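**Student:** Structure incoming, see below.
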Amino acid sequence: MISAFFIFNQKGEVLISRLYRTDLKRSIADVFRIQVVSNSDVRSPIITLGSTSFFHVRVNNLYVVAVTKCNANAALVFEYCYRFIAIAKSYFGKVDEESVKNNFVLIYELIDEINDFGYPQNSEIDTLKTYITTESVMSTNIAAEESSKITTQATGATSWRRNDVKYKKNEAFVDVVETVNLSMSAKGTVLRADVEGHILMRAYLSGTPECKFGLNDKLVIDKNERGSLGDAVELDDCRFHQCVRLDEFDSSRTISFIPPDGEFELMTYRSTSNIKLPVKVIPTVTEIGTSSVSYVVTVKTNFSNKLSATNVVIRIPTPLNTTSVDCKVPNGKAKYVPADNVVVWKLPRIQGGQEVTLSATAHLTSTTHRQVWARPPIDIDFQVLMFTASGLIVRFLKVFEKNNYNSIKWVRYLTKASGSYQVRF
Amino acid sequence: MATMRAPPRKGENFELSADLNSEYRDKRKDAIKRVIANMTVQKDVSGLFPDVLKNMQTDDLEQKKLVYLYLMNYAKTQPELVILAVNTFVKDTDDPNPLVRALAIRTMGCLRAEKIIDYLCDPLQKCLRDENPYVRKTAALCVAKLYDLKPELVIENGFLETLQEMIADSNPMVVANTVAALTDIHEAAIANGSATDIFIVSNTVLNKLLIALNECSEWGRVAILNALARYETQDERESEHICERVVPQFQHANASVVLAAVKVIMIHLRGVRSENLIKQMIRKMAPPLVTLLSNPPEVQWVALRDINLLLQKRPDILSSEMRVFFCKYNDPLYVKVEKLDIMVRLASENNVDALLSELKEYASEVDVDFVRRSIKAIGQAAIKIDEAAERCVNVLLELINTRVSYVVQEAVVVMKDIFRKYPSTYEGVIPTLCANLDELDEPEAKASLIWIIGEYANKIDNADELLGIFVDTFTEESYPVQLQTLTAVVKLYLRKPDSSQGLVQRVLNTATKDCDSPDVRDRAYIYWRLLSTDPGAAKSVVQAHRPAITLPRTTVAPALLEELIGEISTLASVYHKPAETFVGRGRIGADALPRKGTDLEDDQSTARKAFQTVAAGQQAENLLNFDDPTDTQQPSGLAATQVLAATPAAANLLSGNSSNPLDDLVSIFGNTGMGSTPSQPPGGGLSAGFGGLSFGGAPVSPVPPATPSVLQASSPAPPQPPARQQTAEEDLLGLF
């Protein structure tokens, strides 16, 4: 499996280097630097040279690299790289060159714990944090008994939870976060619209609580099984945190689990039918000769006026030879950003059922050779609280524990778009 | 940490040595950290071995780990000194703290010093039976480490038997690591040829794995699923049982678990005969496959490559899901390219309009490579869906009107394929294409346009003028263009003999005298003889009817496809190539080929049958149709020369398993382009026919006596197209 693990900075300097197996030399890092870091035309995340394969993932100017010498499981290797990034984030906030340098001892400790002989081991963040800490731990301080408990838990059937959790107040917070992906044609037809939903949970519950989770009454989970339920919420697919009993879900469609302590992602789902698009964009872009382009971009919000969209950012591409742009907006701020060839229009808030229009003119320089402007799509970011584009709602969250305590549950909904809510023009 | 990047000072190691021996604990620990930092940037700190070793015995777990890290790195270079560490290690494996026990056994396995290995066996024996599961799971992997280093120790100490027993462990994680260790050892043993039966997944093992599957960690599930994939089912009921137990894993959040489950199900579905169950499984597979696309781009890419394979096996899996493969503007190129391929696979009459408007959109993007592929995809859609061909042609015309050079060139190439599929249907397009003659500077585009002009010479009034341009610059053109010019001029002459006699004389003259490619010269000679001996025969040869092209459903041979489906999620499935091509020797050896050959035996025999039917059904002159349009897509002139120059042995290699040296000629006509596959059998027949003609200069009778029986004799095993295609790709890979 994974023979070596490296972290490089942007210049190709090795920040972390760990060989898990002996079929490689440390100098293999030089090969990666030459072939990938200093190569401007890398077109694949896996490079195979001879029998050595380099898998790389980029994060904040760092390369996280796994090297294998066999017919490795590619999906697993990438999942492992991303898991490492997630763990590092959780331990020291952000993953960049500085934080890696400052925490290299901890990183070595972590990558030895989550991988042995190239095989990924337990990588549950909460469990790791019980025995790999940022402060140095004296082995005498962790009583042998305590370690036994930790290790038993780390390998057990509920490896994600300690069994001695205690809270005065038992609470559980559920966040339903939906990301809407949209691609709309110039004519206003929806080419594809889908929702990626994440149900995040923060569980502060004592003991070993047995939870049952319920969604909408009219919920169709296996799309192909449905009859014709017009207004039902339909999920194309869902995936669960490893604490959810998949066999029970498969047989009876119940979501039951013993949650990890603290924050985790209970479920992700995907929906493509009956999607309510919260924001509509109607662009009119006209090229006036070769000297200017005029824009009229209207943004409409399409939900109850009790709610509002916040942090709205609209990026409107301009031709590459734009010199300046005159913008007129009724609210928010619009600014031409030459580096990205876009007009960025920021609106802190739009109430539901409203409509705002930007009008702008981009002035172009005359260029000698006429290159066709690719017209990248207009892109919108926004957030709408207490709204779900799929219509999904949480009906109940039941907690059963042998002490029979009362627990308080909170549910929040958020629909957002970031980077993939696109309208062509 | 400032020292981490500091330039090497004189005597830095000396300073470190002093600090490592300091009386203050903090100072010593800090020094160890600096040593590790230096080690990371590949500075030589091996000289500090004794100093670091002194710090091994400590209660500070972090410091212990750092010292161990150092030891793992340098144990090999200082085998004499490592022995000093043994005592501490052995003592640690008796520590009351399970973390310390596990750490010691984990590290000892990584030291790789002969001296210490002998001391490893006893503690390992103990740790494999430790009461703590964390220690047991670490020890299980340690057995694999030991096997890697000294297999005989593992066998002598009976560790393999212990591992076999541990599959029944009550702790799921221990089971998972045991499975991983056994698989690792099993593969190593097969690779070095010492044993093949170390880890057989038996019926009892199967049941234990199925129980552990639902309880262990995500990584453990992958290991267990991989073992399940290797299980050989006894009957249909067992196959069904495995499928049903594995299906819930589709809902797992980890993409590698989902893909591993897909693999197990695809493998065990082979043993299922109930159509109903198969349908149900395939239906359940679709949504998770689509969901894989919401992963990070690298994982998406792996998933897309695997989906591509799955679609070749079962084209109906995602039939209604084409839209989810639409490219996002900010997808990385490698993801876009894969999506494009899958979109074409999923294209049907119902969704072709949406597909075309997408492809048109992509054709205006910035990346040249992606734009070209999008245009190619339009052509593939036209060839795949008859009803949509006209709409595709209209989109292509729109693109040609943009007059962006690379767009026009690619569109011309694509138009040629459309003409091949639908002869004489879109002649109205020809003037537009000819108008762009000046824009073309790439050989493939030029050759395509010349082919079109030659094919429709009687409908283009100024065909002689247009071809004249290319004849004038004949010697400067690349070989594919020369070959096409030659053929096109001959076609023109056969259709309009009066106006083009001079042109044909000129081109034959130049091609036979001034051209340095043997292919071009030979073709010119053949034309010349044909034309001078019997124009009637020439006509029937050059203007013969050719089979229509279709889009191949698979890009790999059926046997290889099955093999790759069994490798889903691995590198082999990502590259669509068997693992032997990039693991081990990095190139497929000559001895490995016969084995491949037998794998393909079934296909070979079907190909042979098909070939015989074709040969029997056609007239001899039809077989001599060396105007087979596939040659517009043949490998570049250089590659073709290489093939010709190759020894018969190399030719064998190239043409799969054929033993006939004549078959190297066939390779000239081989190409990996789309649509070539179905036209291969006549192509093979052509060269075989030439074999009968003692091709190379002797006087030829007007109609060559190439009868089916001659063909069979001279070509006992006609190379099977996908096999050759595959070997060609392998050869490319061999360049690594």
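The values are calculated or read from the model by the stated rules, or taken from the named source; none is laboratory data. Because the structure is a prediction, the values reported are computed rather than measured. Positions of Cβ are generated from backbone atoms using ideal geometry, with glycine treated the same way; all protein chains shown enter the neighbour counts. Quick note on the areas: whole protein, heavy atoms, side chains included, nothing else; ligands and nucleic acids left out. Shrake-Rupley method; radii C 1.70, N 1.55, O 1.52, S 1.80 Å.
**Student:** Take region B:34-68 and flag every residue that is in contact with a strand residue (DSSP E or B) (Cβ under 8 Å, 6 or more places away or on another chain), among the hydrophobic types (A, V, I, L, M, F, W, C) and within 15 Å of A:L106 (Cα to Cα).
**Tutor:** B:L61
**Student:** Additional query: Restricting attention to region B:130-144, which residues are closer than 14 Å to B:E165 by Cα and polar (S, T, N, Q)?
**Tutor:** Selection gives nothing.
**Student:** A further question follows. Considering each of A:A193, A:A186 in turn, give the residue that is surrounded by fewer than 16 Cβ atoms within 10 Å (Cβ to Cβ), within 14 Å of chain B (Cβ to nearest Cβ) and among the aliphatic types (A, V, I, L, M).
**Tutor:** Values: A:A193 fails: surrounded by fewer than 16 Cβ atoms within 10 Å (Cβ to Cβ).
Criteria check complete, one pass: A:A186.
**Student:** Moving on. Can you tell me which of A:Y421, A:Y413 is surrounded by 14 or more Cβ atoms within 10 Å (Cβ to Cβ), more than 14 Å from every other protein chain (Cβ to nearest Cβ), among the aromatic types (F, W, Y) and in contact (Cβ under 8 Å) with a residue 60 or more places away in the chain? So that I can check it myself, show each step before the final result.
**Tutor:** On the way: A:Y421 fails: more than 14 Å from every other protein chain (Cβ to nearest Cβ).
Step by step, each of A:Y421, A:Y413 is checked, and only A:Y413 is surrounded by 14 or more Cβ atoms within 10 Å (Cβ to Cβ), more than 14 Å from every other protein chain (Cβ to nearest Cβ), among the aromatic types (F, W, Y) and in contact (Cβ under 8 Å) with a residue 60 or more places away in the chain.
**Student:** Criterion first (farther than 18 Å from B:L309 by Cα, more than 10 Å from every other protein chain (Cβ to nearest Cβ) and of a type in the set (G, A, S)) does B:S239 satisfy it?
**Tutor:** Details: farther than 18 Å from B:L309 by Cα: yes; more than 10 Å from every other protein chain (Cβ to nearest Cβ): yes; of a type in the set (G, A, S): yes.
In short, yes.
**Student:** Where the second residue is open to solvent by 30 Å² or more (accessible area, probe 1.4 Å) and in a strand (DSSP E or B) and the first is more than 10 Å from chain B (Cβ to nearest Cβ) and modelled with pLDDT under 90 and lies in region A:8-25, which pairs have Cβ atoms under 9 Å and are six or more apart or on separate chains?
**Tutor:** Between residues of region A:8-25 that are more than 10 Å from chain B (Cβ to nearest Cβ) and modelled with pLDDT under 90 and residues that are open to solvent by 30 Å² or more (accessible area, probe 1.4 Å) and in a strand (DSSP E or B), the close pairs are A:K25/A:L19.
**Student:** Considering only region A:76-94, I want to know if a residue exists there that is under 25 Å from A:D126 (Cβ atoms), exposed (fewer than 14 other Cβ atoms within 10 Å of the Cβ) and within 12 Å of chain B (Cβ to nearest Cβ).
**Tutor:** yes
**Student:** Residues that are surrounded by fewer than 19 Cβ atoms within 10 Å (Cβ to Cβ), facing chain B (nearest Cβ under 9 Å) and among the small types (G, A, S): does region A:162-183 have at least one?
**Tutor:** Residues of region A:162-183 that are surrounded by fewer than 19 Cβ atoms within 10 Å (Cβ to Cβ), as a first pass: A:162-169, A:171, A:173-175, A:177.
Cutting the leftovers down to facing chain B (nearest Cβ under 9 Å) gives us none.
Scanning region A:162-183 turns up no residue that is surrounded by fewer than 19 Cβ atoms within 10 Å (Cβ to Cβ), facing chain B (nearest Cβ under 9 Å) and among the small types (G, A, S).
**Student:** Same structure again: Could you list, in sequence order, all residues of region B:535-551 that are among the charged types (D, E, K, R) and open to solvent by 50 Å² or more (accessible area, probe 1.4 Å)?
**Tutor:** B:K539 - this is the single residue of region B:535-551 that is among the charged types (D, E, K, R) and open to solvent by 50 Å² or more (accessible area, probe 1.4 Å).
**Student:** In region B:277-325, how many are closer than 19 Å to B:L561 by Cα, free of Cβ contacts under 8 Å to residues at least 24 places away in the same chain and crowded, with 19+ Cβ neighbours inside 10 Å?
**Tutor:** 0
**Student:** Among the residues of region A:315-333, which ones are part of a strand (DSSP E or B) and not hydroxyl-bearing (S, T, Y)? Give the steps one after another, and end with the answer.
**Tutor:** The first filter runs over region A:315-333 and keeps only residues part of a strand (DSSP E or B), leaving A:315-317, A:322-328, A:333.
Correct list: A:R315, A:I316, A:P317, A:V325, A:D326, A:C327, A:K328, A:K333.
**Student:** Please give the number of the condition B:N350 fails out of (1) open to solvent by 20 Å² or more (accessible area, probe 1.4 Å); (2) away from chain A (no Cβ under 14 Å); (3) in contact (Cβ under 8 Å) with a residue 12 or more places away in the chain.
**Tutor:** Here B:N350 clears every test but (3).
**Student:** Looking at (1) open to solvent by 10 Å² or more (accessible area, probe 1.4 Å); (2) away from chain B (no Cβ under 12 Å); (3) in contact (Cβ under 8 Å) with a residue 12 or more places away in the chain, find the lone condition where A:F32 falls short.
**Tutor:** Only one criterion is unmet by A:F32, namely (1).
**Student:** Does B:I307 satisfy the condition of being more than 8 Å from every other protein chain (Cβ to nearest Cβ), under 22 Å from the mean Cα position of the chain (by Cα) and in a helix (DSSP H, G or I)? I'd like the intermediate steps shown before the answer.
**Tutor:** Numbers: more than 8 Å from every other protein chain (Cβ to nearest Cβ): yes; under 22 Å from the mean Cα position of the chain (by Cα): yes; in a helix (DSSP H, G or I): yes.
Yes; evaluated as a whole, the condition is true for this residue.
**Student:** So, one more: When region A:257-289 is examined, which residues are found to be within 14 Å of chain B (Cβ to nearest Cβ), surrounded by fewer than 22 Cβ atoms within 10 Å (Cβ to Cβ) and among the hydroxyl-bearing types (S, T, Y)?
**Tutor:** Correct list: A:T268, A:T272, A:S273.
**Student:** From the list B:K76, B:K54, B:K64, pick out the single residue that is within 12 Å of another protein chain (Cβ to nearest Cβ), in contact (Cβ under 8 Å) with a residue 24 or more places away in the chain and surrounded by fewer than 20 Cβ atoms within 10 Å (Cβ to Cβ). So that I can check it myself, show each step before the final result.
**Tutor:** Numbers: B:K54 fails: within 12 Å of another protein chain (Cβ to nearest Cβ); B:K64 fails: surrounded by fewer than 20 Cβ atoms within 10 Å (Cβ to Cβ).
Every option except B:K76 fails the conditions.
**Student:** Having 3 or more residues that are acidic (D, E) is the bar; report the helices (runs of 4 or more DSSP H) wholly within region B:71-128 that clear it. Spell out the reasoning first.
**Tutor:** Numbers: elements: B:79-92, B:98-111, B:114-128.
So the answer is B:114-128.
**Student:** A follow-up question, please. Can you name the number of the only condition in (1) within 10 Å of another protein chain (Cβ to nearest Cβ); (2) at pLDDT below 90; (3) surrounded by fewer than 24 Cβ atoms within 10 Å (Cβ to Cβ) that B:L99 fails?
**Tutor:** Looking at each condition in turn, B:L99 falls short on (3).
**Student:** Looking at region B:22-51 only, could you name the residues that are open to solvent by 10 Å² or more (accessible area, probe 1.4 Å) and assigned to a helix (DSSP H, G or I)?
**Tutor:** B:R25, B:D26, B:K27, B:R28, B:K29, B:D30, B:K33, B:R34, B:S46, B:G47, B:P50, B:D51
**Student:** At the interface with chain A (Cβ under 10 Å from one of its Cβ atoms) and either of a type outside the set (K, R) or under 17 Å from B:L103 (Cβ atoms) (or both) - does that describe any residue in region B:148-157? Before you say what the answer is, go through the steps one by one.
**Tutor:** Going through region B:148-157, the residues at the interface with chain A (Cβ under 10 Å from one of its Cβ atoms) turn out to be B:148-149.
Then drop every residue that is not either of a type outside the set (K, R) or under 17 Å from B:L103 (Cβ atoms) (or both), which leaves B:148-149.
Yes, because at least one residue in region B:148-157 is at the interface with chain A (Cβ under 10 Å from one of its Cβ atoms) and either of a type outside the set (K, R) or under 17 Å from B:L103 (Cβ atoms) (or both).
**Student:** Restricting to region A:289-307, count the residues that are more than 17 Å from A:T357 (Cα to Cα) and touching a residue at least 40 places away in the same chain (Cβ under 8 Å).
**Tutor:** Residues in region A:289-307 being more than 17 Å from A:T357 (Cα to Cα) and touching a residue at least 40 places away in the same chain (Cβ under 8 Å): 8 in total.
**Student:** Okay, moving on. Please work out if B:E131 is surrounded by fewer than 17 Cβ atoms within 10 Å (Cβ to Cβ) and outside any helix (DSSP H, G or I). Spell out the reasoning first.
**Tutor:** Values: surrounded by fewer than 17 Cβ atoms within 10 Å (Cβ to Cβ): yes; outside any helix (DSSP H, G or I): yes.
Judged against the criteria, B:E131 is a match.
**Student:** Now for a separate question. When region A:349-393 is examined, which residues are found to be open to solvent by 20 Å² or more (accessible area, probe 1.4 Å), assigned to a strand (DSSP E or B) and among the aliphatic types (A, V, I, L, M)?
**Tutor:** Result: A:L364, A:L385.
**Student:** Let me ask something additional. Determine which single condition A:V100 fails, assuming it passes every other condition in (1) more than 9 Å from every other protein chain (Cβ to nearest Cβ); (2) open to solvent by 20 Å² or more (accessible area, probe 1.4 Å); (3) modelled with pLDDT of 85 or more.
**Tutor:** (2)
**Student:** Applying the selection to region B:368-401, what residues are open to solvent by less than 10 Å² (accessible area, probe 1.4 Å) and of a type in the set (S, T, N, Q)?
**Tutor:** B:S374
**Student:** Only one residue in B:E398, B:E365, B:E410, B:E390 is touching a Leu at 6+ places or on another chain (Cβ under 9 Å) and over 22 Å from B:T554 (Cα atoms), so which one is that?
**Tutor:** On the way: B:E398 fails: touching a Leu at 6+ places or on another chain (Cβ under 9 Å); B:E365 fails: touching a Leu at 6+ places or on another chain (Cβ under 9 Å); B:E390 fails: touching a Leu at 6+ places or on another chain (Cβ under 9 Å).
Just one listed residue meets the conditions, B:E410.
**Student:** If you don't mind, another one. For region A:330-346, check the following and say yes or no: at least one residue is touching a Gly at 6+ places or on another chain (Cβ under 7 Å), modelled with pLDDT of 90 or more, closer than 27 Å to A:V195 by Cβ and away from chain B (no Cβ under 14 Å). Show your work before the answer.
**Tutor:** Just the residues of region A:330-346 that are touching a Gly at 6+ places or on another chain (Cβ under 7 Å), to begin with: A:345-346.
Pick out the ones that are also modelled with pLDDT of 90 or more and you get A:345-346.
If we keep only those that are closer than 27 Å to A:V195 by Cβ as well, we get A:345-346.
Right, trim to away from chain B (no Cβ under 14 Å) and you get A:345-346.
Checking region A:330-346: at least one residue is touching a Gly at 6+ places or on another chain (Cβ under 7 Å), modelled with pLDDT of 90 or more, closer than 27 Å to A:V195 by Cβ and away from chain B (no Cβ under 14 Å).
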